[in-house]
Amino acid sequence: MISFQTTRLDIRPLVLSDAEDVFEMRRDPEVAKWGSSGTPDTTISQTIDWMLSSCGPAASDTNDTTISPKKTYLKLVFAIRELQPSTIFPEPKVIGTIGIKRLAMPLGPVGSNRVRWELGYGFHVGAWGKGYATEAARGVMGHFGEIKWVLEGQGQGDDAVVVADGLWAATAEENLGSQAVLRKCGFGFVGEFVDELGRKNLDFQVLA
Ligand SMILES: CC(C)(COP(=O)(O)OP(=O)(O)OC[C@H]1O[C@@H](n2cnc3c(N)ncnc32)[C@H](O)[C@@H]1OP(=O)(O)O)[C@@H](O)C(=O)NCCC(=O)NCCS
């Protein structure tokens, strides 16, 4: 299992027992509006559905919290906790999530076999503005090679796809905070696209 700590954060694969904390974050419209659906979760079962479908092996099976090297699981989302409890979060709880997923290129032709590794994250509003997203993103980037190696099947690769170089991330045009995080982590702006919800997104890439 890939787990690690940064100066202030504990980062480990999300598991279903984290659902209550994650729901608390995902039910907040201020956080949800920047996510892929654009709307907040209204019930914990929506959060659990998201965890089961979008967060990778650890969150998909309560009995198995290790990463399985199945190629179907080309995603891994981590739970982020503060190492030192703070006044806002006195109990050690999940304050954010960050993940790496292998997804189709958003601008590729339909049916293209081009994919890319993409970084995504979100934090409880109480944790904003402390540099945590930057710290967590840098931490995950430091483990990017290991994460890819495990998710791709421990080095076996996949002949059916062409993987774009580096690590990518997309943010809504108005999401200046997220763009600042990406730039601080070394990402550069590479283009624009319109997502499924009609939102203009800015596309970023870093060569890892
Ligand atoms: C975006 C988000 C992850 C940032 O988390 P964070 O822990 O506050 O980020 P950091 O503190 O590491 O860095 C934020 C940077 O953005 C800057 N910033 C924040 N809001 C800004 C704004 N409106 N305009 C310009 N810069 C802004 C901050 O000043 C900071 O830069 P600095 O360190 O140079 O001062 C957090 O706000 C969040 O979870 N938002 C909702 C979900 C989301 O947007 N996810 C990303 C989807 S792409």
Return only the number of the condition from (1) of a type outside the set (Lys, Arg); (2) over 25 Å from residue 22 (Cβ atoms); (3) assigned to a strand (DSSP E or B) that residue 112 does not satisfy.
(3)
Checking the structure you have, find out if any residue of segment 145-161 is surrounded by 15 or more Cβ atoms within 10 Å (Cβ to Cβ), within 15 Å of the ligand (Cβ to nearest atom), at negative phi and within 14 Å of the chain's Cα centre (by Cα).
no
For segment 2-61, which residues satisfy the criterion of being more than 16 Å from the ligand (Cβ to nearest atom) and small (Gly, Ala, Ser)?
3, 17, 19, 45, 53, 56, 58, 59, 60
Before we move on, is residue 166 within 16 Å of the ligand (Cβ to nearest atom), of a type in the set (Gly, Ala, Ser) and either farther than 29 Å from residue 8 by Cα or in a strand (DSSP E or B) (or both)?
no
The one condition in (1) in contact with a Leu (Cβ under 9 Å, 6 or more places away or on another chain); (2) more than 9 Å from the ligand (Cβ to nearest atom) that residue 175 fails to fulfil:
(2)
Residue 182 is checked against (1) in contact with a Pro (Cβ under 9 Å, 6 or more places away or on another chain); (2) within 14 Å of the ligand (Cβ to nearest atom); (3) aliphatic (A, V, I, L, M) and fails just one. What number does that condition carry?
(1)
For residue 196, the lone unmet condition from (1) part of a loop (DSSP other than H, G, I, E, B); (2) of a type outside the set (Ser, Thr, Tyr); (3) within 21 Å of residue 6 (Cβ to Cβ) is (3)
Given the structure, is residue 107 within 16 Å of the ligand (Cβ to nearest atom) and either in contact (Cβ under 8 Å) with a residue 40 or more places away in the chain or not aromatic (Phe, Trp, Tyr) (or both)?
no
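Values in this text are rule-based calculations from the coordinates and carry no lab data. Note that the coordinates shown come from a computational prediction; the quantities given were computed from them, not determined experimentally. Virtual Cβ from ideal backbone geometry, glycine too; neighbours counted across all protein chains shown.
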